[in-house]
Structure formats: C-alpha cells, structure tokens
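Have a look at the structure below, then the notes.
Each value in this text was obtained by applying a stated rule to the coordinates, not by laboratory testing. Remember, predicted model here, so these are calculated numbers, not experimental data. Heads up, the Cβs are rebuilt from the backbone with ideal geometry, glycines too, and the neighbour counts pull from every protein chain shown.
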Amino acid sequence: MAVANPQTENGYVRIANELCDEIIQYKWNSLSEMKITLFIIRQTYGFNKKSRQLSVTYIANGTKIPADTVKRNLKNLIQKKIVIAKAEYSNSIKTLSINKDYSKWCGVTDDQSSMTSHTQHRCGVTDDTAVVSHVTPNKRQNKDRIKDSSSRQTTTTIPTLEEVKEYCSSKGYTFDCNKFFSRYEIAGWEYKGTQIKNWKALADRWEASEQKEDIKPKEQEPELDMWGKPIKPRWE
C-alpha cells in the first residue's frame, strides 16, 4: 500500500488565516454545510480563482454528499451570506465564491461579529442558527418572550448521524439508526413535502413502531390432519 505524501509543490490552497479561523469557529448547522464550503474554497482558491462555475452534481461527486442534500445545504449557505452565487440565466450553472466579509455571515458565534434581528430576518436564518445582537432586554421584552415561547413554532434542526446515534443510545432505542438517518437524509429531511421540525420526536415514533411490530401477535398456525391439510373448525 502506497504511503500518502502530500506536497505543496503538487498544489495548495492559499487562504487567509483570519478567514480560516472564522471557518473553524463558525457554528455549522450540519457537517454537509462545512464540507460544501471547504469544497468551494478548494475549487476556487486552490486554482488561484475567486469564483468558479460549480454544478450541484460536481459538488456531490467531490464531497460524496447526495445531490439533494447538496442542493438544500447550498441554498442555506447562500441565504446565510457565506456563499455568493451568480448566474447569467435562471437555469444556468451558478458561479460560486466564498464571501470573505464574514461579518455579514448569518449565525455567527457570540464571540465574533454580532448580528441584529433585522439581519437575521433578511438572511432567512432560523432561530437555532442565528445569534441575537448584544442588547440587554428589558422586563417588557422578557415578559413578551416568555409569553410567545409556548406558541412559537419549532424550527428545523438537521441532525448528523452521530447525533442520531447518541440520542437513540441515551433513550435505549434498538432500531437501525443508519437506516433511519439515510431514509430522511436522502429525502432532505422532508415528509410528504413538509420540512421535518422535530427529528427526535420522529425517532421516538420509529422506536414505538418497532416495538409494536415486535409484540404483534403472530397468526396461530392451523392444526393439520394426517395428510398435512388444515383442519377446518366445526362451525365453519
């Protein structure tokens, strides 16, 4: 087996340390988002280019991520201002580039650039990825927040396979986590065209369904006569 021996002479990605640090510290919504971002960097900065035409299929082949998942996560990255996309025509392949002005990224961490609620709304970022700006809420705001929390719709959070396994292990679930994750990852975490809001509740239902199948009584096998044929009850 050949030993890997990468050398910069064979090519390298030139990226500013400041931008690299931001990518490391950013709270990614999923592993797929981070891999797609790094792949775009590899295909642009790795070729001394600022932007490049990259199709969904090309990204899927390069990252080993299903095309549907790439399409969904790429849309999220564009909405978050992490990736800039341009296209000459509506159906043409988009020219992609990384937005180096990370202060405009939506969902930055607390110790990085803060973001106002207006920016969150403009970028279309969900509550679980957006960070509210550092404003000390008054008593009225706290009261309204508590009042609205009960009626607020649960936002979509896409899990990783490790998170699914960890949750199922903590609950003592016995169903196949890989099968569960693959089923909804391929579907873009949608059910009948509707985005799944709570994957943990979905996992709970999967386990309940599995348990129901296990305790489902089997049909009683009919009694056989001397010729091996079922004996019909007398009342039939």
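Under a point spin-label approximation (7 Å from Cα along Cα-to-Cβ), what is the ALA187-GLU210 distance to one decimal in nm?
Result: 1.7 nm between the two label points.
Quick one: grab the alpha carbon gyration tensor of the range 1-85, order the square roots of its eigenvalues as a ≥ b ≥ c, and give me rounded if a/c is under 1.5, else prolate or oblate depending on whether a/b is larger than b/c.
Values: a/c = 1.62, a/b = 1.32, b/c = 1.23.
Since a/c reaches 1.5 and a/b is larger than b/c, the shape of the range 1-85 is classed as prolate.
Between GLN195 and LYS75, what is the spin-label point distance in nm, taking each point 7 Å from the Cα along the Cα→C-beta axis?
Each label point lies 7 Å from its Cα, and together they span 0.9 nm.
Taking 30 Å as the cut-off for C-alpha to C-alpha distance, list the pairs among LYS50/LYS200; LYS49/LYS197; LYS35/LYS165 that go past it. Can you show the working numbers first?
On the way: LYS50/LYS200 40 Å; LYS49/LYS197 38 Å; LYS35/LYS165 21 Å.
Check vs 30 Å cut-off fails for LYS50/LYS200; LYS49/LYS197.
Based on the mean of other Cβ atoms within 10 Å per residue, sort peptides 26-36, 192-202 so the most packed one is first. If you can, show how the numbers build up before the last one.
Details: 26-36: 19.0, 192-202: 12.0.
The peptides rank, most packed first, as 26-36, 192-202.
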